[in-house]
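What follows is a short report on a single structure.
The values are calculated or read from the model by the stated rules, or taken from the named source; none is laboratory data. The structure presented is a predicted model; accordingly, all values stated were derived computationally and were not measured. Here Cβ is always computed from backbone atoms with ideal geometry, including for glycine, and neighbour counts include all displayed protein chains.
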Amino acid sequence: MLGFTDIRHYFRGKTDWIVRGLPTDPPAPLSERMRTLRYFVNNLEPGLRSFWIHYSDRVRIDEFMRDDLVRLGPEDSIAPAFPDSPKPRAVVLNTEGVLLGTIERSDPAPRAIDAMNPNPQTIRPDMTPRLAAKLLASNPYLMVTTERGKYLGRYVPEEAES
């Protein structure tokens, strides 16, 4: 996949990996490990977390999610778009629906994999709009995926819908 040959899936995610002090490139400093500690604690009891989210009836971003972007495979070509097209304008997915990247550019390209942003900011559907707003302050858009990376849609805040 994308030129990588030794690929593993660590179910608990990058934060859990970093907090546990497992190898990263570049190595994660102690300050980064401490910053991610609260997310690590959240991962310790996923069943309890899911129970709380379901029964607390809190507002979640999945209520503000849209699945309206063009879906492309890695080898698909990209047609030109207007320079002021919204970003992202398409998602690049593998055959299982896992998000590989997003297309932001308006110029054509022979292959989506060559033109994509391979590192879009992703969030989970049970995140609160308050937390998503914090991420939107430093990211132009948020892509919603499952914990295994399957693309669900993009987050569109309430204010932006009208």
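Just one of the numbered conditions (1) modelled with pLDDT of 90 or more; (2) surrounded by fewer than 19 Cβ atoms within 10 Å (Cβ to Cβ) is not true of Leu100; which one?
Only one criterion in (1) modelled with pLDDT of 90 or more; (2) surrounded by fewer than 19 Cβ atoms within 10 Å (Cβ to Cβ) is unmet by Leu100, namely (2).
Given the criterion buried (at least 17 other Cβ atoms within 10 Å of the Cβ), in contact (Cβ under 8 Å) with a residue 12 or more places away in the chain and touching a Ser or Thr at 6+ places or on another chain (Cβ under 8 Å), identify the matching residue among Ala90, Ala109, Ala115, Ala132.
Working: Ala109 fails: buried (at least 17 other Cβ atoms within 10 Å of the Cβ); Ala115 fails: touching a Ser or Thr at 6+ places or on another chain (Cβ under 8 Å); Ala132 fails: touching a Ser or Thr at 6+ places or on another chain (Cβ under 8 Å).
Only one candidate qualifies: Ala90.
Which of the helices (runs of 4 or more DSSP H) found entirely inside the range 17-92 contain at least 3 residues meeting this: at pLDDT 70 or above and over 18 Å from the mean Cα position of the chain (by Cα)? First the steps, then the outcome.
Details: elements: 30-35, 37-44, 46-56.
Ranges flagged: 30-35, 46-56.
Which members of the range 110-159 meet the condition of being in a helix (DSSP H, G or I) and within 30 Å of Ser77 (Cβ to Cβ)? Let's see the steps before the verdict.
We begin by selecting, within the range 110-159, every residue in a helix (DSSP H, G or I); these are 112-115, 129-136, 158-159.
Scanning the range 110-159 gives Ala112, Ile113, Asp114, Ala115.
Residues of the range 124-157 being within 17 Å of Leu93 (Cα to Cα) and of a type in the set (Asp, Glu), which ones?
The one that is within 17 Å of Leu93 (Cα to Cα) and of a type in the set (Asp, Glu): Glu147.
Which of the residues belonging to the range 118-152 are closer than 30 Å to Gly3 by Cβ, of a type in the set (S, T, N, Q) and either modelled with pLDDT under 90 or not assigned by TED's automatic domain parsing to the domain that holds Met65 (or both)?
Asn119, Ser138, Asn139, Thr146
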